[in-house]
Amino acid sequence: MTSLRLVLVTPRYWPLVGETEHFAADLVQGLRELSVTSTVVTARWAGEWPRAMVLRETPTVRLPQAPLGGWTTYRYLRALSRWLRAHCQEFDVAYIMNLRHDSFAAVGTLLKQPVGVVLRVRAGDCRWLETSLLGGRVRRRAGLADALVAPTQALQRESLAAGFPPDRIHTIPNGVAVAEEVLPAQRHAARASLAEINHSLSAAEYAPIAVAVGPLLEGRNLPELVESWRFVAARWPSAKLWIVGDGSLREPLYERIVDHGLHHQVHLPGTFDDLSDILAAADLFVSPAASLDGGQHLLAAMAAGLPVIAARGSESCELIEHRGTGLILPTADRAELAEAIGELLENPRRAALYGQAGRRRVQCGFSPQQTCQAHLQLFERIAAEKRRRFP
């Protein structure tokens, strides 16, 4: 058991839930079972949101400014630095969920404090360091962190290529819990439960349901996914598409859905902290854009026994065996998405075999207990080194 105190910094958190946010919530919950005391520090994206909350028994602090770019990002970073400076005696390690502005502020603030700083590498971070006007400065300061965590081998290679010291890069794959196999009666119960809390999630008992999960933002290929459903709905009128998440693209997506007459087939139910019922109710999972953070949602879908359709990316190629556990699409345009979805709907037995194979893959190599233990060992080592340097 440990008495480690952790602060986890992520600019987006509940109710703006994506892969990083689901991973963060799962991690602090798992670490709590190992007696780690965690606090989440995030941004306050809406004025009506409370400045403090508790999610899964973990206290969360929302800083008063959201990083929307320019002056707002500066104000957010200043608020983050002030909070870390004021509370640095209350934690042993800070875990920063990106290699961008947050890491710049955290490393600069805590460099001369007895606090370890660990940065998490996400897809696109190393590229951002190369192309952003501030990328060079952020890269130099991030290089002073005590450790970097890369959730995939591909992100480890990107970190090495970006010039980070090899001995500071630690590959810790994401992990997800694998529940019991979902039987038809349980799938029906999950659908009924969801329909009770959100009428838009009502579906006939045998209607095919596809699910996509993630932030509703530009670059996620969500308009292409909606467009693809025109072809799917023409052949399977009862089929449903649930796009779970929230973000700035919500209203444009809804308008597109209505314009195409798909408001009975495609639904935007908002965010869910716990995806278990959503995945239990579904027949397949679609990820139309490359993963951002170790394929957390892909792993969750595979753990639930769902066949997955994913855009080509470093995470999908590491996690999915094409035509073994799912389908990997070269470009994920609307025609390719429609064809892949149609293939799985036309061949339910093949889809089931993909789902079973994916579930076995997660069981064999992506344990949440292993993920938490690996993080804990890293955090404890770094905290001990810091205590020696700052007696």
## Note on the structure
The residue that is modelled with the lowest pLDDT, considering only those in segment 247-266 that are part of a loop (DSSP other than H, G, I, E, B) and closer than 19 Å to SER287 by Cβ, is GLY247
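Quick check on segment 251-269. Is at least one of its residues under 17 Å from ASP26 (Cα atoms) and surrounded by fewer than 24 Cβ atoms within 10 Å (Cβ to Cβ)?
Going through segment 251-269, the residues under 17 Å from ASP26 (Cα atoms) turn out to be none.
Checked against the condition, which is being under 17 Å from ASP26 (Cα atoms) and surrounded by fewer than 24 Cβ atoms within 10 Å (Cβ to Cβ), segment 251-269 yields no hits at all.
Within segment 353-385, which residues are charged (D, E, K, R), surrounded by fewer than 21 Cβ atoms within 10 Å (Cβ to Cβ) and within 30 Å of LEU284 (Cβ to Cβ)?
ARG360, ARG361
Answer yes or no as to whether ALA86 is at pLDDT 95 or above and of a type in the set (Gly, Ala, Ser).
Numbers: at pLDDT 95 or above: yes; of a type in the set (Gly, Ala, Ser): yes.
It is true that ALA86 is at pLDDT 95 or above and of a type in the set (Gly, Ala, Ser).
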### Residues being part of a helix (DSSP H, G or I) and under 25 Å from the mean Cα position of the chain (by Cα) - total across segment 178-188
1
### Query
Out of LEU376, LEU327, LEU344, which single residue is within 25 Å of GLU21 (Cβ to Cβ) and hydrophobic (A, V, I, L, M, F, W, C)?
LEU376
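For residues that are aliphatic (A, V, I, L, M) and not in a helix (DSSP H, G or I), tally how many sit in segment 115-166. Reasoning before the result, please.
So the first thing to find is which residues in segment 115-166 are aliphatic (A, V, I, L, M), and the list is 115, 117-119, 121, 123, 129, 133-134, 138, 142, 144-145, 147-150, 154-155, 160-162.
Subset that is not in a helix (DSSP H, G or I): 115, 117-119, 121, 123, 133-134, 144-145, 147-150, 162.
Of the residues in segment 115-166, 15 are aliphatic (A, V, I, L, M) and not in a helix (DSSP H, G or I).
Out of the residues in segment 54-74 meeting the condition of being under 26 Å from GLY175 (Cα atoms) and either without any contact (Cβ under 8 Å) to a residue 12 or more places away in the chain or within 19 Å of the chain's Cα centre (by Cα) (or both), tell me which one is surrounded by the fewest Cβ atoms within 10 Å (Cβ to Cβ).
Keep residues of segment 54-74 that are under 26 Å from GLY175 (Cα atoms), which gives 54-61.
With either without any contact (Cβ under 8 Å) to a residue 12 or more places away in the chain or within 19 Å of the chain's Cα centre (by Cα) (or both) added as a condition, the list becomes 54-56, 58, 60.
Numbers: VAL54: 9, LEU55: 17, ARG56: 15, THR58: 20, THR60: 22.
Once the filter is applied, the top-ranked residue is VAL54.
Out of VAL211, VAL244, VAL182, which single residue is within 19 Å of LEU345 (Cα to Cα), modelled with pLDDT of 90 or more and β-branched (Val, Ile, Thr)? Let's see the steps before the verdict.
Values: VAL244 fails: within 19 Å of LEU345 (Cα to Cα); VAL182 fails: modelled with pLDDT of 90 or more.
Result of the check over VAL211, VAL244, VAL182: VAL211.
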### Message
With more than 21 Å from the chain's Cα centre (by Cα), at positive phi and surrounded by fewer than 21 Cβ atoms within 10 Å (Cβ to Cβ) as the only criterion, which of ARG350, ARG323, ARG388 stands out?
### Response
ARG323
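Do we have any residue at all in segment 286-296 that's in a helix (DSSP H, G or I) and among the aliphatic types (A, V, I, L, M)? Spell out how you get there, then give the answer.
Taking segment 286-296 first, the residues in a helix (DSSP H, G or I) are 296.
Filter once more, so that each one left must be among the aliphatic types (A, V, I, L, M): none.
No - not one qualifying residue is present in segment 286-296.
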### Criterion (among the hydrophobic types (A, V, I, L, M, F, W, C), surrounded by 20 or more Cβ atoms within 10 Å (Cβ to Cβ) and touching a Gly at 6+ places or on another chain (Cβ under 7 Å)) met by exactly one of VAL17, VAL28, VAL7, VAL36
VAL17
### Task
Kindly check whether there is at least one residue in segment 189-203 that is part of a loop (DSSP other than H, G, I, E, B), crowded, with 20+ Cβ neighbours inside 10 Å, at negative phi and of a type in the set (Lys, Arg).
no
### Query
Which one of these does LEU225 not meet: (1) part of a loop (DSSP other than H, G, I, E, B); (2) touching a residue at least 60 places away in the same chain (Cβ under 8 Å)?
(1)
### Query
more than 22 Å from GLY326 (Cα to Cα) and at pLDDT 90 or above, is that true of LEU225?
no
### Query
Counting only residues that are among the hydrophobic types (A, V, I, L, M, F, W, C) and surrounded by fewer than 22 Cβ atoms within 10 Å (Cβ to Cβ), which one in segment 105-122 is nearest to HIS170 (Cα to Cα)?
VAL107
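If a residue counts only when it is under 30 Å from ALA234 (Cβ atoms) and touching a residue at least 12 places away in the same chain (Cβ under 8 Å), which helices (runs of 4 or more DSSP H) contained entirely in segment 310-391 have at least 1 such residues?
Details: elements: 314-319, 334-346, 348-365, 368-389.
Of the helices (runs of 4 or more DSSP H) lying wholly inside segment 310-391, those with at least 1 residues that are under 30 Å from ALA234 (Cβ atoms) and touching a residue at least 12 places away in the same chain (Cβ under 8 Å) span 314-319, 334-346, 348-365.
The values are calculated or read from the model by the stated rules, or taken from the named source; none is laboratory data. These numbers were taken from a predicted model, which means no experiment stands behind them. Positions of Cβ are generated from backbone atoms using ideal geometry, with glycine treated the same way; all protein chains shown enter the neighbour counts.
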